[in-house]
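Presented below is the structure to which this report refers.
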Amino acid sequence: MLYIYTRYERFWHWLQAALILCLLATGFEVHGTFTLLGYKRAVSVHAWLGVTWLIAFAFFIFWIATTGEWKQYVPTTKKMFEVMRFYAYGIFLGAPHPCPKTAEVKHNPLQRLTYLVLATFLLPFMMVTGLLYYSYNDWASLGLGGLSLSAVALAHLIGAFAILVFLVVHVYMTTTGHTPLAHVQAMITGWER
């Protein structure tokens, strides 16, 4: 057994998961996909969750910058094809993972690339479109009167679907450990076999 995930990492992971799930639910309600809280309350809760997530994300960036954990997210192509081959068919044949986790190397090359794209493109895209959406009533005074609310809303919705796709794939990948709940257990206890 190896201690892989610190207490803060596990807290951040589950806080982020809860915030993203609630943001998706309230966001889709605002879009009219279903009714649970009602439009006005869903908008208010969604905005509050968005600001909370921004603050939590800022703390995470500070944490990875000051602890050296940023190294976990540096992309590499070393063993990339071995990892892709493992997930394509090796996993179904019981092959060992080509990049076993350690406390120093928590993410395989495919995870590093995925998290890098998520952190540098998708999340900032959602932050910018969300803040634009949130500040709609101030666009004229901010010199953004030429923007289209429907275009910003559509862009934010497309980003939400991209995050939903990531979430579905991420949850599926948690079932690919030596037992279906091994990775989830590691993210709860910090220890992984």
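The values are calculated or read from the model by the stated rules, or taken from the named source; none is laboratory data. The structure displayed is predicted, hence computed values, not measured ones. All Cβ positions, glycine included, derive from the backbone under ideal geometry; neighbour counts span all protein chains shown. In case anyone asks, the SASA skips ligands and DNA or RNA and just uses the protein heavy atoms, side chains included. Shrake-Rupley method; radii C 1.70, N 1.55, O 1.52, S 1.80 Å.
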(request) Would you confirm whether any residue within region 96-117 is more than 23 Å from His13 (Cβ to Cβ) and in contact with a helix residue (DSSP H, G or I) (Cβ under 9 Å, 6 or more places away or on another chain)? (result) yes
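Take Thr77 and tell me if it is modelled with pLDDT under 95, farther than 16 Å from Ala119 by Cβ and of a type in the set (S, T, N, Q). Walk me through it before giving the result.
Numbers: modelled with pLDDT under 95: yes; farther than 16 Å from Ala119 by Cβ: yes; of a type in the set (S, T, N, Q): yes.
So Thr77 fits the description; yes.
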(request) Quick one: Arg7 ticks every box in (1) surrounded by 12 or more Cβ atoms within 10 Å (Cβ to Cβ); (2) touching a residue at least 60 places away in the same chain (Cβ under 8 Å); (3) of a type in the set (D, E, K, R) except a single one, so which number is it? (result) (1)
(request) Filter region 69-108 down to the residues that are assigned to a helix (DSSP H, G or I) and within 17 Å of the chain's Cα centre (by Cα), then identify the one that is nearest to Phe166 (Cα to Cα). (result) Tyr73
(request) May I ask you to say which residue of Lys101, Lys71, Lys78 is among the basic types (Lys, Arg) and open to solvent by less than 70 Å² (accessible area, probe 1.4 Å)? (result) Lys101
(message) If His156 satisfies all but one of (1) surrounded by 15 or more Cβ atoms within 10 Å (Cβ to Cβ); (2) at pLDDT below 95, what's the number of the condition it fails?
(response) (2)
(message) If the requirement is being more than 19 Å from Gly177 (Cα to Cα), of a type in the set (Gly, Ala, Ser) and touching an Asp or Glu at 6+ places or on another chain (Cβ under 7 Å), which of these qualifies: Ala65, Ala47, Ala42?
(response) Ala42
(message) What's the total number of residues in region 137-153 that are open to solvent by 80 Å² or more (accessible area, probe 1.4 Å) and either in contact with a helix residue (DSSP H, G or I) (Cβ under 6 Å, 6 or more places away or on another chain) or closer than 19 Å to Glu29 by Cα (or both)?
(response) 1
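Answer yes or no: is there a residue in region 121-130 that is under 28 Å from Lys79 (Cα atoms) and either touching a strand residue (DSSP E or B) at 6+ places or on another chain (Cβ under 6 Å) or open to solvent by less than 40 Å² (accessible area, probe 1.4 Å) (or both). Break it down into steps so the answer makes sense when it comes.
Let us first name the residues in region 121-130 that are under 28 Å from Lys79 (Cα atoms), namely 121-123.
Add one more test, that the residue is either touching a strand residue (DSSP E or B) at 6+ places or on another chain (Cβ under 6 Å) or open to solvent by less than 40 Å² (accessible area, probe 1.4 Å) (or both), and what stays is 122-123.
Yes, the conditions are met somewhere in region 121-130.
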(request) Give me a count of the residues in region 171-193 that are open to solvent by less than 80 Å² (accessible area, probe 1.4 Å) and not β-branched (Val, Ile, Thr). (result) 8
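Could you check region 29-56 and list, in sequence order, the residues that are out of contact with any Leu (no Cβ under 7 Å at 6 or more places or on another chain) and closer than 17 Å to Glu9 by Cα? Break it down stepwise before answering.
Let us first name the residues in region 29-56 that are out of contact with any Leu (no Cβ under 7 Å at 6 or more places or on another chain), namely 30, 32-44, 47-48, 51, 54-55.
Correct list: Leu54, Ile55.
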